[in-house]
Structures are given as C-alpha cells and as structure tokens.
There are 2 protein chains.
Amino acid sequence: MEKKERPLILVTNDDSYHAKGIQSLVLAMSTLGEVVVVAPDKPQSGMGHAVTIHHPIRVHKIELPYADRAYACSGTPVDCVKMALYTLLDRKPDIVVSGINHGSNSSINVIYSGTMSAAVEGAVEGIPSVGFSLLDYDADADFNASMKVAIEIVGKILNDDHFPEHVCLNVNIPKGKEIAGIKVCRQAHGMWIEQFDKRVDPFQKDYYWMTGEFIIKDKGEDTDQHALDNNFVSVVPVQFDLTAHHAISHLQNWDLS
Amino acid sequence: MEKKERPLILVTNDDSYHAKGIQSLVLAMSTLGEVVVVAPDKPQSGMGHAVTIHHPIRVHKIELPYADRAYACSGTPVDCVKMALYTLLDRKPDIVVSGINHGSNSSINVIYSGTMSAAVEGAVEGIPSVGFSLLDYDADADFNASMKVAIEIVGKILNDDHFPEHVCLNVNIPKGKEIAGIKVCRQAHGMWIEQFDKRVDPFQKDYYWMTGEFIIKDKGEDTDQHALDNNFVSVVPVQFDLTAHHAISHLQNWDLS
C-alpha cells in the first residue's frame, strides 16, 4: 500500500481558541498530521447543535502554536465545522477532532455539548470525527494524560479503513494521572436536576441563573459513567439517527387517520 | 377507571410566542386540557439543544389567547422547558408540546431544531413529548390542517398508558390541505450542502451569511421524507440515547491500551 499523504486534521472546540484544552489538542495532533484550527472566538459551552441563521458570521486568521493554520469564528462549534468544510479548507479533512473540553461530556451531556455537536457535524458530513473531554473544569487543568489518549485514539481512527460510517466518538477522560485503561461503552442514562437561582437586579427586575445537579439513573457496567467512575477513559460511538426504532411498532398500533 | 383531572399541557416552540404557529397550537391544545405556555421572547430557530449557561435568564408573564397561563423567556427552547418544570409549574405536565414550527424538521433537521430539542428535553425528563412542524416557512402560513393533526396525535399520547418511555415524537405536516394520512416513519438520512455568502461591511471587513441546500441521501419508503413527499404527515419516534450500538463491537476489536 502506498504511503498516504500527511492526514489533514480539522480541530475545533466549544471553549474558544483561547482555551488550554484546544491548545493542548493542537500540540498533540501536530504529531499526527497537518492541523487546521477553526474554533469559536468566545466560549460556546452548552450550545448543543446550534447553528447561526439570523446573524452574519465573522472569521479571522489567528496565530496558534503548533497549528499549520488557524481561524477564530464568531459562530457556534457547528458553524465552525461548516465554515471550515465549505469555505476555509481546500480539501476534505481526514478527521474532525473537537476539544479537549474542560469538563465532562459523558451520559446525557452529549446532547448539550458544543464540543460533541462539532464532532457529530463531522459525522453528518461523512468524516470520521471524535470529541475529547477531560473531567476537570479548571481553566489550567493538566491535559498531559488527555493528549496521550487523543494521540492514541486519533491514530486508531486514521489507520482504520473500516471506521463505521456516520459515527463519531465521544471520549471522556478521568481527572488525575492514574488512568486504568480505555473502555468502549454505551451512553449512560442520566439527567440534570436543575435549580434556578432567582435574583433581583439593581433595577428591581428578577433574573435567574440556571444551576443543576447531574444524576445517573443507570447502574450498567457497560456505560461511560461506570467506566469513568472506575478511572477508565470512556469511548462511546455516537450517531445522528435519533429514530427510536424500538418504538415504531408500538406507534403503528395506534389507529391513526 | 376514574376520570383523570384535566391534563396539564406545557407548550413551547422556537419561533417565539409571537409566532402564528404557537398561537395556533395553543388554541388546538386548549380543547384537550389546561395549557401553560413558556416560550422564547425572540426567534430561536436553529438553536438545537443549546442551554444558557453564561448568561442570566429573564422570564415575564404575558397574555396569550386560549392559554391558561403564559410566560416569555429570554432563553433557548430547552431553557424554556427546564424553567417551566423547575420553577413555573406547580405540577409535572402530562405532556410537552412544541411548535407548530414554521418550516420542516424532518430528517437531519431534528438535530438543529430548537422545536424538537424542547420535545427531546421533555423526554429526558420522562414526560411524553411531541414537536410539530409545518412545511411552510411563511409567517402567515395556514395552520388549520396542522391543528387537527396536533389534536389527534396529542389525544393519542394522552390516552396511551404505554407510551414508550423517554421517547418523543417528531411530527411533520405537509403544506396544503389534501393530507393523504399519517405515517409512522424513521428519520431519513439527509444533510445540508452549505454555501457561505461572503460580503463586505461598510468598514471593509468580511462577513458571511450561511445558506444551504438540503439533500436527501436515502430513498427508503419508510422514511419521514418519503412520507412527506407523498403528502402524508410523518411521525418519527425520537430518542436521546445517541449510542451507535451497532459500532461498539467494531471498536472493541481495536487494541486499546
């Protein structure tokens, strides 16, 4: 087999290009291929699969250590991927890599996560994609172990000629140096119990801050949460076909007009 | 069986409470139960499953015809559902109903859609939920046929003691009066081919508008797109477990550390 050209790696995130997480990821990816960064110019956590429809989008070139090229984008993480694929890149990237997120995207967090939505968008486009998240919200978190994990997993994807089509990976990395290993998992069933912290502004108007507590409703030993609780890196394959196939036959028994 | 109390119906959308679509839905739902509206105070199309983390959220009471109570919320559609469940409602609603969206949410659009993300959030909370969308972007679209469909489907859900847990429905309604019927379907595989319309502002800086063309890559006769193309209402059960279960065994063959 012919030696392939150097793989083209598109890097994005949701914490913005200022974040230590993406800068660590760029350094890690620069050992594997040509790195182009298109990342938000401000934090976009919790943006889910949002796209910018009613506003224009701005992009400008920036300098980022270890990146071959880098751009800051005013849009969401999904906008960044679309902008890269349809405007900024000359060829289709071999992989879309998102992160490294400051904080967990395990379990239900996958649907709120801008980091993971960027990876899902890569999968929609038919490009192997992966999002990385470290279970540490600290702006100055230690990404050394995460960088090794990212190099291993992106290497596996790039060398896998049969990587499942229209799938991306949700990789979460436990905090601390003693990682027990890497486990392929399913998404645990969990949810946020929200609290709205009600306050009064200086003009006597109410406002709320959304805070919450994450709870797991799933004791499965094959879940991402179980892996992380036991100090394993979790790898969940993620798809964008949201059809609840198991529910179709039930609904077909309804006597619909 | 005892007669149940009047069902509590939470109504939201992503086009804001000003939209004809939600006002039509409120009228339709008022025939079935007590209606509380918590809807965005401005358009939130394309917001996907975004939540508001870095900003405070404002809510104020409004008057809306046929609603028992109504609130405008500064947040995203998902914020509206969370705010309703955790702050504004005294009891758990019997159903979360989102829409009627001005425009299609079939196929891949489900993941970009604020309308559908609100319904998914209801399902995460264990509440039967449904999103309705009419294939007509006109602000003054004719919602008469859609209202009948909404009454039929919400009635079915409310009377179904075995409605699948943690599932919501994505209901799309073709434009025009001659509806051929209602079909239970799976999500068609489709995607947007984007175009970025590059312009220069009065200050000589570039900006982009994202536009695109939707393409279907799936000829399946069991898809929502096929149903809609044949003038049927499409009903897709939607889940929030994004795990690509079929891909797990492939990944388990990787020799991971």
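What separates the B:LYS148 label point from its copies, with the point 7 Å along Cα to Cβ, is 6.6 nm, written shortest first.
Inter-copy label distances at A:ASP218, shortest first and taken from points set 7 Å along Cα to Cβ: 2.1 nm.
The residue list B:TYR207, A:VAL167, A:SER113 was ranked by how far each Cα lies along the charge dipole of the protein assembly as shown toward its positive end, using unit charges on Cβ atoms, and B:TYR207 comes out on top. A cut-off of 5 Å between modelled amide H atoms, ignoring neighbours fewer than 5 places along the same chain, links A:GLY212 with A:GLN195. The convex hull built on the alpha-carbon positions of the stretch A:47-194 has an orientation-averaged projected area of 10.5 nm². Among beta bridges identified by DSSP and lying wholly in chain B, the antiparallel ones come to about 40 percent. In loop segments of the stretch B:1-60 as defined by DSSP, the GluC sites (Glu not before Pro) with at most 11 further C-beta atoms inside 10 Å of their C-beta are B:GLU2, B:GLU5. For the residue pairs A:LYS61/B:LYS82; B:LYS42/B:LYS198; A:LYS61/A:LYS175, the C-alpha atoms sit more than 30 angstrom apart in A:LYS61/B:LYS82; A:LYS61/A:LYS175. Enumerate by residue number the trypsin sites (Lys or Arg not before Pro) in the stretch A:48-153 meeting two conditions: DSSP loop (anything except H, G, I, E, B), and at most 16 other Cβ atoms within 10 Å of the site's Cβ. Sparse-neighbourhood loop trypsin sites (Lys or Arg not before Pro): A:ARG58, A:ARG91.
Loop-located chymotrypsin sites (Phe, Trp or Tyr not before Pro) in the stretch B:195-257 (DSSP state not H, G, I, E or B) with no more than 11 neighbouring Cβ atoms inside 10 Å: B:PHE203.
Counting from the shortest, the label point at B:ASN230, 7 Å from Cα toward Cβ, is 4.8 nm from the same position in each remaining copy.
Think of the protein assembly as shown as having a plus end and a minus end, set by charges on the Cβ of Lys, Arg, Asp and Glu; of B:ASN230, A:GLY103, A:ASN253, A:GLY103 sits farthest toward the positive end of this dipole. Cβ-to-Cβ counts within 10 Å put B:THR76, B:THR243 in ascending order as B:THR243, B:THR76, the fewest first. For the stretch A:146-257, the relative contact order comes to 33 percent (Cα pairs under 8 Å, sequence separation of at least 6).
Expressed to the nearest 5 percent, the antiparallel share of DSSP beta bridges inside the protein assembly as shown is 45 percent.
The calculated pair-distance distribution of chain B uses every alpha carbon pair, bins of 10 angstrom beginning at 0, and gives 7, 30, 34, 19, 8, 2, 0, 0 percent.
Rule-based calculations on the coordinates, nothing more; no lab input. What you are looking at is a predicted structure, and each value in this text was computed from that prediction instead of being measured. Methodologically, a virtual Cβ is constructed for each residue, glycine included, from the backbone with ideal geometry; neighbour enumeration extends over all protein chains shown.
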